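Comments concern the structure below.
The values are calculated or read from the model by the stated rules, or taken from the named source; none is laboratory data. Note that the structure is a prediction, hence the values are computed from the model and not measured. Backbone-built Cβ (ideal geometry, glycine too); neighbour counts: all protein chains shown. Side chains are part of the model used for accessible areas, which takes the heavy atoms of the whole protein and leaves out ligands, DNA and RNA. Shrake-Rupley method; radii C 1.70, N 1.55, O 1.52, S 1.80 Å.
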Amino acid sequence: MKKNTFLLLPLFVLLISLGLDRLFTLEFFQYYYSNTLSHLNFISKEDLYSDLKEYLKKDPASRKKILVFFGNSRALLLPTRELEKRHPDWMLYNFSVPGGSPDYFLYWIERFKSDGTRPDFVLLDQSLEIYNKTPVLALDEVLIHGLSSEFILRHWTKYSREELSVFISKHLFHTYRDRPKLWRISERMQNSSALAKVYKAAVQEILTALKEEKGSTPRELVNQKHTDEQLVQASETDFSSYLKPYTFHTNMFEMQKDSIRILKEYNVPYATIWVKVARPYFNLYMNRKVETSEGLKTPMEVWKPIVEKFNQETGTAFWNMNEDPNCNCEEFADPGHMSPNCFPVFGDYIFKKLEETYPKTQTK
């Protein structure tokens, strides 16, 4: 038996590696190497969900109606407190995250179902980019920060081998996930860790703001707007990064349909939304042909017939901000994101559509 103990050496090496990995990625050390704050959107959602569950325990006759928005970075800046003042019958819980996609939506809706959490209305993002299986720049924040191992195990057939590899490796080794840089650690250790303290203060400030705004990011943290010339140039870059080539992600759409099926089964009213993008970017959606599984087509020619057919078959309301003349705020921080100045208008648009869509028999 002793002769075979060398076979345990790989296990010991793995355990030691995991131990060092967890040590070097403790929260204290993250202040010295982390260069992002977007993961805080995911971390804060657990507290947001606890708050939502507690609020929904109140007597429906004495509480506001609850709208839960599952979106991506295009909806992060919705001013929830300001909108609550303007639309006093409703309260918005913003579950949007950077790169928000149907698997993330399904992850939460399954939890809602399991816990018996029933908001009054659910809004799901339905944009083109989340259904492209072959972007040049893949967004993997949801895979890294937003999903549990149990969820992945139940839905593993919906993911590619590469996606599963990313999930396993970055969940197993946090140093691989975070990629700490020695030069940044050295820089933040200088002057009594002044830069590390600045980052720590920023983390605490943003987590507090996310809690106060029920999941939304403060608008003052984002650039105001691009010029028309900047939008034209940036639209070309973004289109090539996220929509060229365009291969419709059938498995991702199946997860969106699963979410809607659950909402229907539990009689939770819902709608889908296509959040507005800058006109130069939208024009590329409409006119720029790219490689697809069906030959050269525009992304719209692939995406729109599938979505419209599903909406018709299921009676799904689709709030199309990009082709609605009533949605006329034209300031953009970049091709895919409205300027902070437009978000009060964006919020008013949501609640106007909600009044049209929400079952009249359930209004107070």
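Taken over the stretch 18-43, residues that are at pLDDT 80 or above and open to solvent by 80 Å² or more (accessible area, probe 1.4 Å) amount to 3.
Among the residues making up the stretch 78-93, a single one is in contact with a helix residue (DSSP H, G or I) (Cβ under 6 Å, 6 or more places away or on another chain) and over 12 Å from Lys214 (Cα atoms): His87. Looking only at the stretch 91-119, count every residue that is hydroxyl-bearing (Ser, Thr, Tyr), outside any loop (DSSP other than H, G, I, E, B) and open to solvent by less than 10 Å² (accessible area, probe 1.4 Å) and tell me the total. Summing the residues that are hydroxyl-bearing (Ser, Thr, Tyr), outside any loop (DSSP other than H, G, I, E, B) and open to solvent by less than 10 Å² (accessible area, probe 1.4 Å) in the stretch 91-119 gives 2. Would you mind stating whether Val122 is out of contact with any strand residue (DSSP E or B) (no Cβ under 6 Å at 6 or more places or on another chain) and either surrounded by fewer than 14 Cβ atoms within 10 Å (Cβ to Cβ) or not acidic (Asp, Glu) (or both)? Against the criterion (out of contact with any strand residue (DSSP E or B) (no Cβ under 6 Å at 6 or more places or on another chain) and either surrounded by fewer than 14 Cβ atoms within 10 Å (Cβ to Cβ) or not acidic (Asp, Glu) (or both)), Val122 does not qualify. Of all residues in the stretch 26-55, those that are closer than 21 Å to Gln190 by Cβ and in a loop (DSSP other than H, G, I, E, B) have Cβ atoms under 8 Å from Cβ atoms of residues that are open to solvent by less than 70 Å² (accessible area, probe 1.4 Å) and basic (Lys, Arg), 6 or more apart or on another chain, in Asn35/Arg184.
Picking from residues in the stretch 44-68 that are hydrophobic (A, V, I, L, M, F, W, C) and surrounded by 14 or more Cβ atoms within 10 Å (Cβ to Cβ), the one that is farthest from the chain's Cα centre (by Cα) is Leu56. Here Val136 passes the criteria (1) assigned to a helix (DSSP H, G or I); (2) among the β-branched types (Val, Ile, Thr); (3) over 21 Å from Leu92 (Cβ atoms) except the one numbered (1).
When the stretch 200-227 is limited to residues that are free of Cβ contacts under 8 Å to residues at least 40 places away in the same chain and part of a helix (DSSP H, G or I), the one that is surrounded by the most Cβ atoms within 10 Å (Cβ to Cβ) turns out to be Ala209.
Here Ser193 passes the criteria (1) open to solvent by 30 Å² or more (accessible area, probe 1.4 Å); (2) farther than 25 Å from Tyr49 by Cα except the one numbered (1). Can you pull out every residue in the stretch 56-90 that is among the hydroxyl-bearing types (Ser, Thr, Tyr) and part of a helix (DSSP H, G or I)? Selection gives Ser73, Thr80. Here's a check for you: in the stretch 125-163, which residue that is among the hydroxyl-bearing types (Ser, Thr, Tyr) and more than 12 Å from the chain's Cα centre (by Cα) is surrounded by the most Cβ atoms within 10 Å (Cβ to Cβ)? Only one residue fits best here, namely Tyr131.
Pairing each residue of the stretch 164-182 that is open to solvent by 90 Å² or more (accessible area, probe 1.4 Å) with any residue that is modelled with pLDDT of 85 or more, provided the two are 6+ apart or on different chains, yields C-beta distances under 7 Å for Tyr176/Ser169; Tyr176/Lys170.
Among the residues of the stretch 232-252, none qualifies, meaning not one is of a type in the set (A, V, I, L, M, F, W, C) and within 22 Å of Gln30 (Cβ to Cβ).
Where strands (runs of 3 or more DSSP E) sit wholly within the stretch 247-364, those with at least 3 residues that are modelled with pLDDT of 95 or more and open to solvent by less than 20 Å² (accessible area, probe 1.4 Å) occupy 270-274. Please tell me if Ala234 is of a type in the set (A, V, I, L, M, F, W, C), in contact (Cβ under 8 Å) with a residue 12 or more places away in the chain, open to solvent by less than 50 Å² (accessible area, probe 1.4 Å) and in a helix (DSSP H, G or I). Yes.
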